[in-house]
Amino acid sequence: MPLWSRIANAFRGERLSREIEEEIRSHLAEAVESGRDPAEARRAFGPALQWREKSRDLRLVAWIESLGADAIFGWRQILKKKATSAAVVLSLALALGACTSAFRLIDALLLRPLPVAASERLYSVAFQGTGVEGKLMTYDSCSYPMFRRMRAAIAQQAESVAVSYMGRADLTYGSDQEMEQAWQQYVSGWMFRTFGLRPAVGRLLTDDDDGAPGAHPVAVLSYDYWTRRFARDPRAVGRTFRLGDDLYQIVGVAGEGFTGTETGSMTDIFLPMAMKNPRTLESYNNFWLRALIQLKPGVAADPVRERLRATFRSLQIERAKGMLGLSTQQLEKFFQEKLLLEPASAGRSNLQRDYRQALLALAILVALVLLIACANVANLMTARAASRAREMALRVSIGAGRARLVQLVLVESACLAFLATALGALLAWWSAPFVLARINPPDDPARLALPADWRVLGFGLALACGVTFLFGLAPALRASAVTPARVLRGGEDPHSRRRLMHALIALQVAFCFVVNLVAGLFGATFDRLEHQPTGFSAERILNLEAVTRRPQPPVYWEQVAEQLRAAPGVEKVALTVWPMMSGESAVSSVSVNGGPPNPALCDLLRVSPGWFDVMRIPLLDGRDFRPDDAAPSVAIVNAAFARQYFNGRNPLGQSFESGSAPGRRVAIRIVGFVPDARSRDNVKVPIRPTAYLPFQSVDPKGAVAPVERGTFVVRTAARNPLAMAGALRQAIPRARPEFHVTSIRAQAEIDGSHMLRERLLAMLGMFFAGVALLLAGVGLYGVLDYSVVERRREIGIRMAIGAQAADIARRVTGDIFTMVLAGAVAGLGLGLAAARSIEALLFQVKAAGLEMLALPSLAIGAAALLASLPAVIRAVRIDPAATLKAD
């Protein structure tokens, strides 16, 4: 009989039995018809049962039939113990759902290959050097001239593609004067060809589009943007839009699935690299793009990296010739930078860099929770197996082999794992987008594809199988090792089973300690960052970032600010280039008294008169800027500036030289002194030396420089400044039509966005710590309850001869609490190792070391006491007379 038919017969048991019975009857009928006596025919035919079994073995695959029978029996056992089964399923569902959710996020951000040809051969050029704080740092940006030189150096071994950092663009379509925003990215014209991509409509960018600067104002839309903005209208191809001073024509739409190379973001519009500002394209020191390298077939990465390093060294020597203002120490750091070639099959983005360690830490936490759940369920299954010892002994007595009993218990475990996986899948389907929403900064939302495809399905199935063996194998092996004679006489040794259950309790406590310690560290980090002083008041501050099509005189910007001051609900208005803690910065070297440049760089920020008042940064000495002040003649400096460059003395009236441009140094007089205020977005580093310059500036010839972009900083009377966003957005173009608002953000929202990762880790850490405590508590309760039931006779005898309740409680909980203590000690060692591995995610928690160790200890101790209380009460309430009489 064909194999497929034998497999199919395993699922049609009743019909197969009827067919076998009919065949046996037909053989007997033929014998009778041939003249034989019916009784003699039956004797000659042999035992009907034996023929039935032989026929079944020939017509089906026996082990599949046994699996089906075991599954039915396992399902009946699950229904028989509904409470225990529900506890098992819910425990595993929570852990499996968390694991699958973490995998979906990690896969989407770090593992899933880009939908391009030969993504496994894609690399990103990165650079490693010493950062401003003296720590090793890696960055992946370079200038366009550097990219061209590197591309030429490895042209025979690989193709190079330049992609800019994705940014928001203000554009208008056709005659529609209502400006809208889209995410744009400048790319090499040969990118689509190199990646093997095809257009959905029209054509893609070509090498010719990336020829002469500014010669080909064409654009390609992403499929996602084409769907959202044009509802997949083919007539979108050929339309034009204005971006800055250029009019672009849409020539095509990229194929579905490709949304750029920045994982976690989705590009709306692709523009040729040659359409970037010519000054930016020619600058060696303007780092604004990533260089992606796709190796040719058969080419190894190491030779390409060495060739790129040689090119980079020559570029560094050329760049250093124009850096006349750098100190010897700064030049040493400059030449110590090293080129790296890092895999980029999954794309390259800042989101990957910022959340790689956080997601890995999250994965470790959920894996520990899964192990706790498996240990918990293994204990419950061991207790259930103990209650079925006589059943297993009888099965062995009538011929069941050990493998058959292992299969029986494992199939029941698989049924529980299947139910838990189904519930866990629902949890993962909801929780992964929920977690993604928690890491979205307001101005740059993360956009990740989270498909439930074969990768997620395969992970879920592998996880379910692994979990089945993790929690089911030990009980299955113990159940199959029964000795029938001993069990049926009631003489099975209970101590070996208790030792296994106690060891699993110690394992649960160890993992629970680690989860609670790490969660406490994450919570402490977030608490300390949340209470870090910023040096300014973010309350009721609204930042309106604006641009003009062409640079405008500063007086026009002040006219718009004056119009905003007259708006109802506005208290004060000032101007700056960008909001505080927005992520943007400008730096300069500083020298004092004609000396060499200080190795520490200084932050520069241009602000208008009254800005310090709006931000509520008090003047310690000196004065605010005046309307006629202009950069770079005067400055107001902070306390960190005084400590760094003037040994902590009051710098008022002193001068310093700034070298914000290579080869150009400017003398600046200090007219004001203010406390430290945080301008950078990294809240984990100390506030840097900062020099505030007037918003109005003059060029080397003394002419007032026009301004193309700026930020109106508005302090409102309303507690919710965003309530005035709409009115203020409309007021700016009414004051001057050439001004356009690109972004409106509350300062409090900006401040909070820099702790999204820490808030996420603290929130999820506390959640998983609670789950771990709950699971460990349930496991501890189950073992104690089983111990009380198993030792009921012993406890009854002890109470009959005068044992006190305290002695009974000590005997019931003594061994368990010893295991809890052993697990906590082991967990302490594992937790300290885990803390060292995630040190980069922590902030100022070493000083609270004892407190951090005490919290998980107290939490586990409290959980152990609560879990043991019902079992202790049950033990001390045992009636000795009734127990002994029943026995």
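Based on Cβ point charges of +1 for Lys and Arg and -1 for Asp and Glu, what charge dipole magnitude is obtained for region 208-312 about its Cα centre, in debye rounded to the nearest 20?
Once rounded to the nearest 20, the dipole reads 100 debye.
Using r as the Cβ-Cβ distance of ARG319 and ARG390, and R0 as 60 Å, what FRET efficiency do you calculate, to the nearest 0.05?
Using R0 = 60 Å, I get an efficiency of 0.15.
Under 5 Å between amide hydrogens, which residues at least 5 positions from LEU450 or on another chain qualify, with H placed 1.01 Å from N in the peptide plane?
Those lying under 5 Å, H to H, from LEU450: there are none.
Compute the FRET efficiency between LEU619 and ALA703 as 1/(1 + (r/R0)^6), taking r as their Cβ-Cβ distance and R0 = 35 Å, and round to the nearest 0.05.
Result of the calculation: an efficiency of 0.70.
Quick one: 3J(HN,Hα) in Hz for region 97-111, Karplus 6.51/-1.76/1.60 with θ = phi - 60°, rounded, Gly and Pro as x.
Values per residue, Gly and Pro as x: x, 5, 5, 5, 4, 4, 5, 4, 5, 5, 5, 5, 8, 10, 10 Hz.
Express the relative contact order of region 654-745 as a whole percentage, based on alpha carbon pairs under 8 Å and six or more residues apart in sequence.
11 percent
How big is region 247-367 by the Kirkwood estimate over distinct Cα pairs, in Å?
Roughly 18.5 Å, rounded to one decimal.
Please list, ordered by chain and number, the residues whose modelled amide H lies under 5 Å from the amide H of VAL698; skip anything fewer than 5 residues away on the same chain.
ALA631, ALA705
Just name one of THR311, SER265, ASN277: the one whose Cα is farthest towards the positive end of the charge dipole of region 256-338 (beta-carbon charges, Lys/Arg +1, Asp/Glu -1).
Towards the positive end, the residue furthest out is THR311.
Translational diffusion coefficient of region 604-735 at 4 °C, 1.567 mPa s, Stokes-Einstein with Kirkwood Rh over Cα pairs, in µm²/s as a whole number.
Calculated translational D: 79 µm²/s.
Each residue of region 363-376 in turn: what ³J(HN,Hα) in whole Hz from Karplus with 6.51, -1.76, 1.60 and θ = phi - 60°, glycine and Pro shown as x?
5, 5, 4, 5, 5, 5, 4, 5, 5, 4, 4, 5, 4, 4
With just the Cα atoms defining each centre, how far is region 523-600 from region 100-144? Give it in Å.
Measuring centre to centre over Cα atoms gives 31 Å.
Report the one residue of GLY827, THR742, SER868 whose Cα lies farthest in the direction of the positive end of the charge dipole of region 719-869 (charges on C-beta: Lys and Arg +1, Asp and Glu -1; origin at the Cα centre).
Ranked along the dipole, the leading option is THR742.
How far is it, in nm, from the label point at ARG36 to the one at ALA155 when both lie 7 Å from their Cα along the line to the Cβ?
The answer from the label model is 9.2 nm.
Find the Cα radius of gyration of region 70-180, compare it with 2.2 N^0.38 Å by division, and give the number to two decimals.
Ratio of Rg to 2.2 N^0.38 Å for region 70-180: 2.03.
Give the shape of region 168-255 as rounded, prolate or oblate, defined through the alpha-carbon gyration tensor: a ≥ b ≥ c are the square roots of its eigenvalues, a/c under 1.5 means rounded, and otherwise the shape is prolate if a/b is larger than b/c and oblate if not.
oblate
How big is the antiparallel share of DSSP beta bridges in region 190-298, given as a percent to the nearest 5?
The answer is about 70 percent antiparallel.
Place a +1 charge on the Cβ of each Lys and Arg in region 544-655 and a -1 charge on the Cβ of each Asp and Glu, then give the dipole magnitude about the Cα centre in debye, rounded to the nearest 20.
Dipole size: approximately 120 debye.
With a cap of 12 neighbouring Cβ atoms within 10 Å, and only residues DSSP puts in a loop, list the trypsin sites (Lys or Arg not before Pro) found in region 689-726.
Passing sites in region 689-726 are LYS701, ARG719.
Counting only heavy atoms of protein chains, what accessible area per residue, in Å², does region 535-640 have with a probe of 1.4 Å?
39 Å²
Would you work out the relative contact order for region 76-195, in percent, from Cα pairs under 8 angstrom that are 6 or more residues apart?
Normalised by residue count, the contact order of region 76-195 is 15 percent.
Roughly how many nanometres apart are two label points built 7 Å out from the Cα toward the Cβ at MET766 and THR240?
5.6 nm
Where in region 156-175 does the label zone of ARG549 land, with the point 7 angstrom along Cα→C-beta and an amide N cut-off under 16 Å?
Counting only backbone N, you get 170-175.
In this model, which of LYS321/LYS701; LYS276/LYS572; LYS276/LYS296 are farther than 32 Å apart at the alpha-carbon?
LYS276/LYS572, as the Cα separations exceed 32 Å there.
How many percent of DSSP beta bridges within region 548-707 run antiparallel, rounded to 5?
60 percent
Tally up the carbon and sulfur contribution to the accessible surface of region 72-230 as a whole percent, 1.4 Å probe, everything protein left in place.
Looking at region 72-230 in its full context, I get 54 percent from C and S.
I need the fraction of alpha carbon pairs in region 581-658 separated by more than 21 Å, rounded to a whole percent.
Looking at region 581-658, the distances longer than 21 Å represent 30 percent of pairs.
Where in region 510-552 is the amide nitrogen less than 16 Å from a point lying 7 Å along the Cα-to-Cβ axis of ASN720?
540-542
Nothing charged except the Cβ atoms of Lys and Arg (+1) and of Asp and Glu (-1): what's the magnitude of the dipole of region 596-648 about its Cα centre? Round to the nearest 20 debye.
100 debye
Over region 196-328, what is the mean sequence separation of C-alpha contacts under 8 Å (at least six apart), divided by residue count, expressed as relative contact order in percent?
Normalised by residue count, the contact order of region 196-328 is 27 percent.
Go through ALA776, VAL788, GLN804 and say which Cα lies farthest out towards the positive end of the charge dipole of region 747-824; charges sit on Cβ, +1 for Lys and Arg, -1 for Asp and Glu.
Of ALA776, VAL788, GLN804, it is GLN804.
Kindly rank 873-881, 763-771 from highest to lowest mean number of other beta carbons found within 10 Å of each residue.
763-771, 873-881
The values are calculated or read from the model by the stated rules, or taken from the named source; none is laboratory data. If you're wondering where the values come from, they're calculated on a predicted model, not measured in any experiment. Quick reminder, even Gly has a Cβ in these numbers, built from the backbone with ideal geometry, and neighbours come from all protein chains shown. Calculation scope for accessible area: heavy atoms of the full protein, side chains included, ligands and nucleic acids excluded. Shrake-Rupley method; radii C 1.70, N 1.55, O 1.52, S 1.80 Å.
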